[in-house]
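Heads up: the structure comes next, in structure tokens.
Taken together, the values in this text are just the output of simple stated rules run on the coordinates, not laboratory data. A quick note: this is a predicted structure, and the numbers were derived from the prediction, not measured. Cβ: placed from backbone, ideal geometry, glycine included. Neighbour counts: every protein chain shown.
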């Protein structure tokens with residue numbers, strides 16, 4: 001069921017304490033700042049957040065972490081020059097970290113959306129990030145078993161939506177949007193523009209509307 | 001031995017960062033699809049020639065990446081893996097993150113160029129974590145690049161600030177990938193690594209004997225098959 005929602009606050013109102021929330025974006029590109037701010041305001045706590053990073057500067061995900069709302073981060077690259085809020089929480093032992101190689105992060109999210117129960121990959125074989133995981137030699141290469149990452153909610157940013165929820169993105173802001181939309185039970189997309197159904201060329205649609213539940217236009 | 005070492009010393013002095021980047025750029029075969037890691041490897045793009053027809057991949061989701069953006073070109077939606085604004089070239093394409101890593105993990109990239117803390121005699125790579133107890137680990141795409149690209153080139157200084165060789169018998173830092181590095185470009189020499197150990201393609205400002213005194217693994221001159 002697709003809903004067009006007037007405000008970002010209403011769009012995230014159903015997010016409960018303890019939810020797993022995927023947040024799109026790589027750096028600031030594709031990061032749904034308005035939806036993250038609304039998540040902050042809605043008060044949900046004990047969140048597990050899936051994002052490539054763990055917040056930058058004093059905005060968005062970084063503030064959610066600073067306020068102690070995130071119990072666990074699943075990400076590939078938490079440490080950055082301006083990730084001071086995550087750094088402080090991590091060093092204080094106040095946040096869990098599941099560190100995942102970036103390609104495994106993307107493929108585990110994709111696998112969840114595609115109904116795949118797990119997969120073997122050479123990435124990480126023989127490293128500390130494979131410790132405790134099942135391994136096999138396949139095609140002559142050591143490979144590690146990785147499991148899907150599911151989420152209750154995905155918050156993503158796209159350029160345009162049409163009346164049935166089809167999405168197109170802009171340049172490298174696409175990043176995690178399409179796979180997170182498929183992996184979550186409920187996907188909220190903030191978009192810059194809503195066009196009438198038929199207003200997007202079916203050949204260029206990136207995320208079919210079947211993966212999208214809520215759309216909110218953000219100026 | 002002295003004749004052989006003279007033949008592989010191709011520079012009277014160690015190479016600076018830009019000279020090393022120029023050398024890596026020259027060694028990339030025309031028509032290659034290449035991913036340049038963050039930091040020193042990014043310099044290589046400054047020396048790629050148009051006639052080489054190299055296509056650059058950036059793992060956040062683009063092929064056909066152009067030079068760093070300046071002035072009015074800067075667009076927050078068009079960045080590279082280092083989160084620096086870049087430009088797109090004619091023929092560029094965008095794709096989502098799982099497709100971007102499938103390009104890498106599926107063996108479609110010809111070369112990736114990475115920095116390193118250590119490389120072992122058999123091509124193990126350590127470049128993501130010092131292992132220090134208070135360090136916050138961050139891996140990004142390093143493990144995917146190391147295991148996915150057909151050739152993994154490393155660019156680094158040969159010695160640490162303390163004078164220890166970064167080419168080692170076995171890595172003491174946590175591994176990024178096992179047996180994945182094929183070449184190591186350093187200020188003092190170009191090394192070829194593989195299951196049979198380390199050979200030296202050329203040296204800069206030192207003889208093979210002088211180089212051997214710095215590096216704790218057996219070195220031999222590489223057969224002269226490389227350009």
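Laid out as a table, the results:
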item	result
P(r) of the stretch A:80-219 over all Cα-Cα pairs, binned every 5 Å from zero, in whole percent	2, 9, 15, 15, 15, 15, 12, 9, 5, 2, 0
Relative contact order (%) - criterion: Cα under 8 Å, at least six apart; region: chain A	23 percent
Other protein chain Cβ atoms within 10 Å, averaged over every residue that makes up B:100-112	3
Helix A:33-42 axis, angle to chain A major axis (alpha carbon atoms, nearest 10°)	90 degrees
0 to 90° range, to nearest 10: angle between helix A:102-114 axis and chain A longest Cα axis	60 degrees
Point-to-point label distance, residue A:203-residue A:185, nm (Cα→Cβ direction, 7 Å offset)	4.0 nm
Taking chain B and dividing mean pair separation by its residue count, relative contact order in percent (alpha carbons under 8 Å, at least six apart)	21 percent
Where labels lie 7 Å past Cα in the beta-carbon direction, separation of residue B:135 and residue A:194 in nm	4.9 nm
Viscosity 1.306 mPa s, 10 °C: Kirkwood-radius Stokes-Einstein D of the protein assembly as shown over Cα pairs, µm²/s	69 µm²/s
Calculated SAXS-style log₁₀ I(q)/I(0) at q = 0.13, 0.21 Å⁻¹ - the stretch B:56-210, Debye, Cα scatterers	-0.69, -1.25
Efficiency of FRET from Cβ geometry, residue A:59 and residue A:6, R₀ 22 Å, rounded to 0.05	0.40
Cα long-axis angle, helix B:17-27 against chain B (0 to 90 degrees, to the nearest 10)	80 degrees
Between the stretch B:17-88 and the stretch A:118-182, the Cα center-to-center distance that results, in Å	25 Å
Mean residue ellipticity (222 nm) of chain A, computed from DSSP H runs ≥ 4 via -39,500 (n - 2.57), nearest 500	-6000 deg cm²/dmol
Rg and Dmax [Cα atoms of the stretch B:174-227; Å; Rg one decimal, Dmax integer]	11.4, 34
Extension reserve of the residue B:221-residue B:68 stretch, reckoned as 0.36 nm per residue once the Cα distance is removed	51.3 nm
Order by protection proxy (mean Cβ within 10 Å, highest first), peptides A:50-60, A:126-136	A:50-60, A:126-136
Mean residue ellipticity (222 nm) of chain B, computed from DSSP H runs ≥ 4 via -39,500 (n - 2.57), nearest 500	-5000 deg cm²/dmol
The stretch A:157-218 - share of DSSP beta bridges that are antiparallel (%, nearest 5)	25 percent
Part-to-part distance (alpha-carbon centres) for the stretch B:100-120 and the stretch A:23-69, which is given in Å	30 Å
Peptide B:174-180, shielding by other chains (average Cβ, 10 Å cutoff)	5
Shielding by partners, peptide B:73-79 (average Cβ within 10 angstrom, other chains)	6
